[in-house]
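For reference, the structure is listed below as structure tokens.
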Amino acid sequence: MNKPYVFITRKLPEETLKNLYEVAEVSMWPKEEEPVPRERLLEEVKRADGILTMLSDKIDEELLTNAPNLKVVANFAVGFDNIDVDTATKKGIAICNTPDVLSDTTADLTFGLLMATARRIVESAQYIQEGKWKNWGPLLMAGTDIHHKTIGIIGMGRIGQAVAKRATGFEMEILYHNRSRKEAAEKELGATYCSFEELIEKSDYIVCLAPLTPETRGLFNEKAFKQMKTSAIFINASRGDVVDEQALYHALTNGEIQAAGLDVFQNEPIGADHPLVNLPNVVAIPHIGSASVETRMVMAELASRNITNVLLGKKPEAIVNEMVL
Ligand code: DGY
């Protein structure tokens with residue numbers, strides 16, 4: 001009997017795919033930083049039983065309805081807003097992701113971004129590189145304290161809670177807003193639940209880790225930035241579309257908020273000419289939340305096991321639409 005066919009949309013280390021090679025015929029787009037062209041992906045899914053996808057691949061209705069054998073899509077990310085889950089569910093296609101394994105790594109990066117933005121670390125490094133450091137000065141590159149300030153976390157899932165845990169080390173007051181109350185986080189981390197409005201008004205650091213959904217799309221708009229303190233620092237490590245970038249640009253250039261640290265953008269990748277990138281009060285990085293070598297290896301292994309399990313008729317470790325099993 002022929003082995004099932006699996007297509008991987010980006011070059012991943014071979015050693016992370018061992019279990020997949022045992023059960024399937026596997027083919028992989030050979031480039032690491034260049035996405036597979038849409039036409040090629042549409043061609044591949046005509047025969048694929050499984051695909052291992054990146055968050056930059058659009059797995060929409062057109063693709064899913066032209067994939068007669070497709071049983072599983074394993075996204076190499078915890079987020080799955082690039083996938084039309086409703087259509088996949090109607091078609092009985094399992095959608096898998098990589099939660100848990102990236103929470104600490106993404107929380108490290110998020111907190112690092114907060115620190116880099118508050119203490120002007122990138123701007124300071126550039127200052128030396130540009131040969132501008134001539135003298136020490138009392139307020140030279142002076143930033144904002146982090147310890148004992150108030151952090152407001154929007155999206156208190158696994159990553160949000162891991163960021164809150166880091167904030168306790170800085171003796172910060174922790175506020176959070178989430179679809180549901182997180183009693184364990186309240187008890188263990190001393191986090192206080194509040195409304196979105198209260199959180200953005202009271203926080204010194206507003207950290208967005210909420211998934212992109214119809215409710216969170218455009219959540220950080222002109223009104224929201226106006227409600228923040230003029231000293232507020234906004235950090236986004238979830239998805240670019242939760243922010244109205246024009247409104248953010250306006251808030252940063254008109255003194256409505258102090259600074260922003262951004263790991264994600266509305267239309268990724270962005271170029272050096274993106275309006276937000278050249279602002280001195282913005283630290284912009286290229287969507288690297290979960291990008292440690294260790295974690296990316298574990299994510300690849302998990303995505304690969306998710307496909308193997310579905311193809312073998314077993315329950316995958318991480319499935320978004322369990323009802324299809
Ligand atoms: C995810 O897993 O959704 C992250 O955005 C990847 O860094």
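The table that follows gives values for the structure above.
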{"item": "Residue list for the range 218-240, restricted to those being within 16 Å of the ligand (Cβ to nearest atom) and either without any contact (Cβ under 8 Å) to a residue 40 or more places away in the chain or surrounded by fewer than 18 Cβ atoms within 10 Å (Cβ to Cβ) (or both)", "result": "ASN236, GLY240"}
{"item": "Pair list, Cβ under 6 Å, 6 or more apart: the range 124-140 residue within 20 Å of ASN281 (Cα to Cα), other residue among the polar types (S, T, N, Q) and modelled with pLDDT of 95 or more", "result": "none"}
{"item": "Residue in the range 93-109 that is closer than 19 Å to ASN281 by Cα, polar (S, T, N, Q) and surrounded by 11 or more Cβ atoms within 10 Å (Cβ to Cβ) present", "result": "no"}
{"item": "Every pair of residues 6+ apart whose Cβ atoms lie under 7 Å, when the first sits in the range 287-299 and is without any contact (Cβ under 8 Å) to a residue 12 or more places away in the chain while the second is within 9 Å of the ligand (Cβ to nearest atom) and assigned to a loop (DSSP other than H, G, I, E, B)", "result": "ARG296/SER290"}
{"item": "Residues that are of a type in the set (Phe, Trp, Tyr) and exposed (fewer than 10 other Cβ atoms within 10 Å of the Cβ), drawn from the range 123-166", "result": "TRP136"}
{"item": "Residue in the range 297-316 that is nearest to the ligand (Cβ to nearest atom), counting only those that are of a type in the set (Lys, Arg) and surrounded by fewer than 19 Cβ atoms within 10 Å (Cβ to Cβ)", "result": "LYS315"}
{"item": "Test: residue in the range 167-188 that is touching a Ser or Thr at 6+ places or on another chain (Cβ under 7 Å), surrounded by fewer than 18 Cβ atoms within 10 Å (Cβ to Cβ) and not in a helix (DSSP H, G or I)", "result": "yes"}
{"item": "Answer residue from the range 241-266, given it is within 21 Å of the chain's Cα centre (by Cα) and polar (S, T, N, Q) and is surrounded by the fewest Cβ atoms within 10 Å (Cβ to Cβ) among those", "result": "GLN246"}
{"item": "Strands (runs of 3 or more DSSP E) (entirely within the range 7-103) containing at least 2 residues that are within 16 Å of the ligand (Cβ to nearest atom)", "result": "50-53, 72-75, 94-96"}
{"item": "Of the criteria (1) part of a helix (DSSP H, G or I); (2) more than 14 Å from the ligand (Cβ to nearest atom), which one ASP108 fails", "result": "(2)"}
{"item": "Tabulated pairs, the range 1-14, first free of Cβ contacts under 8 Å to residues at least 24 places away in the same chain, second of a type in the set (A, V, I, L, M, F, W, C), C-beta under 7 angstrom, 6+ apart or interchain", "result": "LYS3/VAL23; LYS3/ALA24; LYS11/MET28; LYS11/TRP29"}
{"item": "Positions within the range 138-160 being within 26 Å of ALA185 (Cα to Cα), outside any strand (DSSP E or B) and of a type outside the set (Lys, Arg), in sequence order", "result": "ASP145, ILE146, HIS147, HIS148, GLY155, MET156, GLY157, ILE159, GLY160"}
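The values are calculated or read from the model by the stated rules, or taken from the named source; none is laboratory data. These numbers were taken from a predicted model, which means no experiment stands behind them. Because the Cβ atoms are built from the backbone with ideal geometry, glycine has one as well, and the counts that use them run over all protein chains shown.
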